[in-house]
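Just so it is clear, none of the values below were taken in a lab; they were calculated from the coordinates. Keep in mind that what you see is a predicted model, and the values were worked out from it rather than measured. All Cβ positions, glycine included, derive from the backbone under ideal geometry; neighbour counts span all protein chains shown.
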């Protein structure tokens, strides 16, 4: 049986592909891509290079960093994309990455600990937050994925990050919160449509 086009996770595959291609390009011209793409408070706020909030989401430090993020993006993203649709998945991912970067810069300003950051983790944690929202507000769609299981997984991931050095944990937190709140709104929209469809049948 031919797989329906709407069931193919185009966005998850596309985002993963872009990240991989950019990483391979960075192996040959890291100085150029990192010099123009890393997230830095001074470059963004003082120089007005706001595009760094976006470009940094597609840069990775090494192959392990890339693999860990892309594994979650591809498989979790594919599952969620089938449930909520291509456009919604794309919006949640991108919004989560941008919010994560914004919170990271904000906390750097507050703490005075300035550093450059890069990676898709904000967007990836946004997908984790989306999964949590789906488990909380749309549990019937995921009978084997309980809010408790997802929450424990997220707490362990955040704990591991805060225990490690060189990890932009506030980007993770910001992405997670953005993904959860976006997911809550999406669940409300989807369930409102479901209720209307049932009542009018």
* With each label point set 7 Å from Cα along the Cα-Cβ vector, what nm distance links residue 13 and residue 167? -> 3.2
* Stretched out fully, how many nm does the piece from residue 82 to residue 185 gain, at 0.36 nm a residue minus the Cα gap? -> 35.4 nm
* If you line up the long axis of helix 10-37 against the longest principal axis of the chain, both from Cα atoms, how many degrees apart are they, to the nearest 10? -> 0
* Asked: For the Cα atoms of the chain, what angle does the longest principal axis make with the long axis of helix 121-137, in degrees from 0 to 90, nearest 10?
  -> 20
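What's the exposure ranking of 177, 80, going from fewest to most Cβ atoms within 10 Å?
Working: 177 17, 80 26.
Result, fewest neighbours first: 177, 80.
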* Structure fact -> Placing each pseudo-label 7 Å from Cα in the direction of the beta carbon, residue 21 and residue 75 end up separated by a distance in nanometres of 2.5
* Computed log₁₀ I(q)/I(0) - Debye formula, equal Cα scatterers, no solvent, the chain, q 0.16, 0.17, 0.18, 0.19 Å⁻¹ -> -1.03, -1.14, -1.24, -1.35
* To do: Order by neighbour count: 86, 115, 60, 172, fewest other Cβ atoms within 10 Å first, most last.
  => 115, 86, 60, 172
* Estimated inter-spin distance, residue 31 and residue 61, nm [label 7 Å along Cα→Cβ] -> 2.2
* Distance from the Cα centre of segment 158-181 to that of segment 48-87, in angstrom? -> 14
* How far is helix 86-111 tilted off the main Cα axis of the chain, in degrees rounded to 10, range 0 to 90? -> 40
* Rg/Rh (Cα only; Kirkwood hydrodynamic radius) as it applies to segment 47-129 -> 1.01
